[in-house]
Amino acid sequence: MTTALSPKSDRKHNLPSYQEAVNSHDWKALEGELLGRKDGKCNASYEAVDRHVAEGYGGKTALHYVKDGVLESSLTFGELQQKVEHYAKVLRSHGVTKGDRVFIFLPKNPECYVAILATIRIGAIAGPLFEAFMEDAVRDRINDCGGTLLITDQDLIKRVPAKDIPSLQKILLIEDMNAAQPDSSISGDVEWVDKEDGLLIHYTSGSTGKPKGVFHVHRSLIHHAVSGKWVLDIQDDDVYWCTSHPGWVTGSVYGLFAPWLNRATIVIQGGRFKAESWYKIIEDLQVTTLYSAPTAFRLLKAKGDLYKDYDLSSLRHILSVGEPLNPDVITWAWDNLQLRIHDTWWMTETGGHIIVNLPSEPIKPGSMGRAFPGIQVGILDEEGKELPPNTIGQLAVKTPWPGLMQDIWGDRGKYDSYFVYPGWYISGDLALKDEDGYVFFQGRNDDMINSSGERIGPFEVESKLIEHPAVAEAGVIGKPDPVRGEIVKAFITLRDGYEETPELLESLRLFVRKNLAAHAAPREIEVMAELPKTQISGKILRRELKQWELEKELALKTPSE
Ligand code: WTA
């Protein structure tokens, strides 16, 4: 199908081949160690921090924090442990106990990571929120699972509509947490929990309804640890940089847990993408492993020879996730940086990698890789039967596996809808698998939008738009875009008395931006006389809007005779 890129033999990695990994793979072997540390109980925060201190690595650098392109601070595992313990005491002094939902709404800085770990240390469930969320997004998420405590800072607290969140008993500012001196009677000790006890809640979008609270438990940390070892290929002298914010699952699982369970030094970098500063960080901090998204790689590629101004020789490989990785980006990195980009496929719901490219195995540009050793991936037809190779169908995963979500908070029906075919998890993606087991992404089977690797539910954007007095109806789709993969495009009809003007369209964009989140705001808005609907229920037909948009694009690209 495509030529395979084999690993360069002079690049060091300490990994098994695919077949060796499958053969040696035994999730069970790790269970005793990671999930039964203390009388059959476990704690993910302990495994990520305290264990390394106990094993004599307290002096090893746990993190480098880069702000505005400058190294602001670094922490050892020993220092990290002290901070986590301190926050744990502060949380306990405010009455937080096992199973409580604690939300963390902070910029990407060390405190954000410490707050997540402190929450988990005391057995509470961490709900990290993306720093760009606006009022409605914050309110809906905390309300959905009855969050009782929120950790935030002076800036972000302005976007917390506390009076609309009845369950919220306390808001703690990071500044106050740092200064707090909890009573000496308050313990900062680890709360040992059962492996099926709650760890994280990540809210994510689907094509219908509000965001879903994907609930993960401590058992997932086996998946985090093994994939950190095999896919991220973490070695003891690695400097590992995942560019995602912990409010997204990539930022928590592969930004925090997988690297720290494997004792890596991580880079935490705040702020937006800038090619120059990314290359500079890699050079300055001798980054060995970068995990990011195709949009960023496309932007780096667009900068052409810029990479030549930097010494990137520390990099061993790059990982990608979240959206289709263009074959020409893979070959660009290979030809210019002499690096392989390893695509990975997984979802908030899967809790860890499902389709991967192990560093010891050939890559097929255009493919996402192969099933993670020990996990089976199938392509199913409409009846739930496995299809033969090279046939497009529903991308499914054999259940169970350790990282698999445990629930959709408060919505068992939604949870069950992922498992309509016995023994399989249905991803909602379409794909095909070739005769070597390499999986090729073919799109979504629903209306979910993926812009720069971020999942956006059309329903959320539509609901927001129709709250605006000018908008009667709205249908929102993902429009293909060369840089972002897709952009959010809204089709609307206006209420009587409103006219289409550039100012009005701009105010609609701002309305979504200000209330929901910048990444959800439609980049394009088109005013229509009416929207296509189903005859019976009157539901807006997004598929028709999308078809219409694609045909329009095609007509623009095809010169008329
Ligand atoms: C998409 C991110 C193509 C896919 C970890 C999936 C991808 C959704 C890839 C999950 C990839 C993820 N190639 N598409 N390598 N990885 N996706 O929950 O549609 O934010 O269902 O998880 O992103 O997005 P989520």
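Can you report the number of residues in the stretch 81-106 which are over 22 Å from SER184 (Cβ atoms), of a type outside the set (Val, Ile, Thr) and crowded, with 17+ Cβ neighbours inside 10 Å?
Total satisfying the criteria: 5.
SER360 fails exactly one of the following numbered conditions: (1) open to solvent by 20 Å² or more (accessible area, probe 1.4 Å); (2) out of contact with any Asp or Glu (no Cβ under 8 Å at 6 or more places or on another chain); (3) within 16 Å of the ligand (Cβ to nearest atom). What is the number of that condition?
Going through (1) open to solvent by 20 Å² or more (accessible area, probe 1.4 Å); (2) out of contact with any Asp or Glu (no Cβ under 8 Å at 6 or more places or on another chain); (3) within 16 Å of the ligand (Cβ to nearest atom) one by one, SER360 breaks only (3).
Quick check: anything in the stretch 172-186 in contact with a Leu (Cβ under 6 Å, 6 or more places away or on another chain) and surrounded by 14 or more Cβ atoms within 10 Å (Cβ to Cβ)?
No: zero hits.
Taking LEU319 as the residue in question, decide whether it is among the hydrophobic types (A, V, I, L, M, F, W, C), out of contact with any Asp or Glu (no Cβ under 6 Å at 6 or more places or on another chain), open to solvent by less than 10 Å² (accessible area, probe 1.4 Å) and free of Cβ contacts under 8 Å to residues at least 40 places away in the same chain.
Working: among the hydrophobic types (A, V, I, L, M, F, W, C): yes; out of contact with any Asp or Glu (no Cβ under 6 Å at 6 or more places or on another chain): yes; open to solvent by less than 10 Å² (accessible area, probe 1.4 Å): yes; free of Cβ contacts under 8 Å to residues at least 40 places away in the same chain: no.
Answer is no for this residue.
Looking only at the stretch 31-42, how many residues end up being touching a Leu at 6+ places or on another chain (Cβ under 9 Å) and either within 22 Å of HIS86 (Cβ to Cβ) or not in a helix (DSSP H, G or I) (or both)?
Count: 2.
For the stretch 329-344, enumerate the residues that are within 16 Å of the ligand (Cβ to nearest atom) and either under 26 Å from ALA225 (Cβ atoms) or free of Cβ contacts under 8 Å to residues at least 24 places away in the same chain (or both). First the steps, then the outcome.
At the first step, the residues of the stretch 329-344 found to be within 16 Å of the ligand (Cβ to nearest atom) are 329-330, 333, 340-344.
If the condition is that a residue be within 16 Å of the ligand (Cβ to nearest atom) and either under 26 Å from ALA225 (Cβ atoms) or free of Cβ contacts under 8 Å to residues at least 24 places away in the same chain (or both), then ARG340, ILE341, HIS342, ASP343, THR344 are the ones that fit.
Would you confirm whether or not the stretch 346-355 contains a residue that is assigned to a strand (DSSP E or B), charged (D, E, K, R) and touching a strand residue (DSSP E or B) at 6+ places or on another chain (Cβ under 9 Å)? Walk me through how you get there before you give the answer.
First, the residues of the stretch 346-355 that are assigned to a strand (DSSP E or B): 355.
Narrowing the set further to residues that are charged (D, E, K, R) leaves none.
Looking for residues that are assigned to a strand (DSSP E or B), charged (D, E, K, R) and touching a strand residue (DSSP E or B) at 6+ places or on another chain (Cβ under 9 Å), one finds none in the stretch 346-355, hence no.
Would you point out which residue out of ILE222, ILE234, ILE186 is within 19 Å of VAL102 (Cα to Cα) and either of a type outside the set (S, T, N, Q) or more than 13 Å from the ligand (Cβ to nearest atom) (or both)?
It is ILE186.
If you take the residues in the stretch 409-428 that are under 24 Å from PHE130 (Cα atoms) and within 11 Å of the ligand (Cβ to nearest atom), which one is surrounded by the fewest Cβ atoms within 10 Å (Cβ to Cβ)?
Among those that are under 24 Å from PHE130 (Cα atoms) and within 11 Å of the ligand (Cβ to nearest atom), it is GLY428.
Inside the stretch 398-421, can you point out the residues that are under 15 Å from CYS145 (Cα atoms) and either small (Gly, Ala, Ser) or part of a loop (DSSP other than H, G, I, E, B) (or both)?
GLN406, TRP409, GLY410, ASP411
Quick check on my filter: what residues within the stretch 267-278 are hydrophobic (A, V, I, L, M, F, W, C) and either open to solvent by less than 10 Å² (accessible area, probe 1.4 Å) or outside any helix (DSSP H, G or I) (or both)?
Result: VAL267, ILE268, PHE273, ALA275.
Report the residue count in the stretch 245-266 for those that are outside any helix (DSSP H, G or I) and within 23 Å of TYR418 (Cβ to Cβ).
Looking only at that region, the number is 2.
Which pairs do you get when a residue that is of a type in the set (Ser, Thr, Tyr), found in the stretch 178-189, comes within reach of a residue that is open to solvent by 50 Å² or more (accessible area, probe 1.4 Å) and in a helix (DSSP H, G or I), reach meaning Cβ atoms under 7 angstrom, with the pair 6+ apart or on two chains?
Short answer, once both residue conditions are applied: SER187/ARG92.
Can you say whether ASP305 is charged (D, E, K, R) and either surrounded by 21 or more Cβ atoms within 10 Å (Cβ to Cβ) or modelled with pLDDT of 95 or more (or both), as far as the supplied structure shows? Reasoning before the result, please.
Working: charged (D, E, K, R): yes; either surrounded by 21 or more Cβ atoms within 10 Å (Cβ to Cβ) or modelled with pLDDT of 95 or more (or both): yes.
It is true that ASP305 is charged (D, E, K, R) and either surrounded by 21 or more Cβ atoms within 10 Å (Cβ to Cβ) or modelled with pLDDT of 95 or more (or both).
Results for (1) in contact with an Asp or Glu (Cβ under 7 Å, 6 or more places away or on another chain); (2) within 28 Å of ASN143 (Cα to Cα); (3) among the hydrophobic types (A, V, I, L, M, F, W, C), shown as yes or no for each residue.
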position: ASP381; (1), (2), (3): no, no, no
position: LEU387; (1), (2), (3): yes, no, yes
position: VAL397; (1), (2), (3): no, no, yes
position: GLY403; (1), (2), (3): no, yes, no
position: VAL420; (1), (2), (3): no, no, yes
position: TYR425; (1), (2), (3): no, yes, no
position: LEU432; (1), (2), (3): no, no, yes
position: GLY437; (1), (2), (3): no, no, no
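Yes or no: PRO400 surrounded by fewer than 15 Cβ atoms within 10 Å (Cβ to Cβ), of a type outside the set (A, V, I, L, M, F, W, C) and at pLDDT below 95?
Yes; evaluated as a whole, the condition is true for this residue.
Quick one: would you say ILE281 is part of a helix (DSSP H, G or I) and either within 30 Å of LYS398 (Cβ to Cβ) or of a type in the set (A, V, I, L, M) (or both)?
yes
When only residues in the stretch 345-354 that are hydrophobic (A, V, I, L, M, F, W, C) and near the ligand (Cβ under 7 Å from one of its atoms) count, which is nearest to HIS317 (Cα to Cα)?
Checking each candidate, the answer is TRP345.
Could you please find all residues in the stretch 363-376 being near the ligand (Cβ under 9 Å from one of its atoms) and of a type outside the set (A, V, I, L, M, F, W, C)?
Residue satisfying the conditions is GLY369 alone.
Go through the stretch 55-80 residue by residue and tally those that are at negative phi and either surrounded by fewer than 12 Cβ atoms within 10 Å (Cβ to Cβ) or part of a strand (DSSP E or B) (or both).
16
Filtering the stretch 315-326 down to residues that are more than 12 Å from the ligand (Cβ to nearest atom) and modelled with pLDDT of 95 or more, which residue is farthest from VAL439 (Cα to Cα)?
If we take residues in the stretch 315-326 being more than 12 Å from the ligand (Cβ to nearest atom) and modelled with pLDDT of 95 or more, then LEU315 is farthest from VAL439 (Cα to Cα).
Given the conditions (1) of a type in the set (A, V, I, L, M, F, W, C); (2) in contact with a Phe, Trp or Tyr (Cβ under 7 Å, 6 or more places away or on another chain); (3) crowded, with 24+ Cβ neighbours inside 10 Å, report the number of the one that VAL190 does not fulfil.
Failing condition for VAL190: (3).
If LEU91 passes every condition in (1) on the phi > 0 side of the Ramachandran plot; (2) in contact (Cβ under 8 Å) with a residue 40 or more places away in the chain; (3) part of a helix (DSSP H, G or I) but one, which one does it miss?
Among (1) on the phi > 0 side of the Ramachandran plot; (2) in contact (Cβ under 8 Å) with a residue 40 or more places away in the chain; (3) part of a helix (DSSP H, G or I), the lone unmet condition for LEU91 is (1).
Looking at the stretch 283-300, is at least one residue touching a helix residue (DSSP H, G or I) at 6+ places or on another chain (Cβ under 8 Å) and over 29 Å from VAL214 (Cβ atoms)?
Yes: one or more hits.
So, in the stretch 460-496, exactly how many residues are within 16 Å of the ligand (Cβ to nearest atom), surrounded by fewer than 21 Cβ atoms within 10 Å (Cβ to Cβ) and under 15 Å from VAL512 (Cα atoms)?
1
The values are calculated or read from the model by the stated rules, or taken from the named source; none is laboratory data. What you see is a predicted model, and the numbers here were worked out from it, not measured in a lab. Positions of Cβ are backbone-derived with ideal geometry, glycine not excepted, and every protein chain shown enters the neighbour counts. Accessible surface areas use protein heavy atoms only, side chains included; no ligands, DNA or RNA. Shrake-Rupley method; radii C 1.70, N 1.55, O 1.52, S 1.80 Å.
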